[in-house]
Amino acid sequence: MPSRSWLRSGCHTNGTSQEATNSLGALHIYPNPAHGQATIALTLPPSVAHLPLPLSVVGMDGRIAQQRSLDGNGAHTLALEGLAAGVYHVHVTSKGKWLTEGKLIVQ
């Protein structure tokens, strides 16, 4: 698959070079808007769900505000301390492939 990282805000900053389109809608963020913490719920295909999954929180300016690794599918708590109020894109990748994303509003 050709590189399509330019389609996703901030993907170029986290080394993503390919997009896996079969996992759109696999990420849910709640509460949203959030304050203090949010929950990231993943429902990815079994082929990637067992892998450590890098998560990046990217500001509207394209800068990575936070990074961490998730342990596959399920609900994961995301601490929001240190993030300024605003809109962020949350990206989940694996081995240089963009898997899914969501929008997070921090109050």
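Listed values, structure above:
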quantity	calculated
Test: Ala85 is surrounded by fewer than 19 Cβ atoms within 10 Å (Cβ to Cβ), hydrophobic (A, V, I, L, M, F, W, C) and at pLDDT below 95	no
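To keep it simple, each residue is scored yes or no on (1) basic (Lys, Arg); (2) over 15 Å from Ala26 (Cα atoms); (3) exposed (fewer than 15 other Cβ atoms within 10 Å of the Cβ).
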residue	(1), (2), (3)
Ile40	no, no, no
Asp61	no, yes, yes
Thr77	no, yes, yes
Leu80	no, yes, no
His91	no, no, no
Leu99	no, no, no
Val106	no, yes, no
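The values are calculated or read from the model by the stated rules, or taken from the named source; none is laboratory data. Remember, it's a predicted structure, so these values are computed and weren't measured experimentally. Cβ: placed from backbone, ideal geometry, glycine included. Neighbour counts: every protein chain shown.
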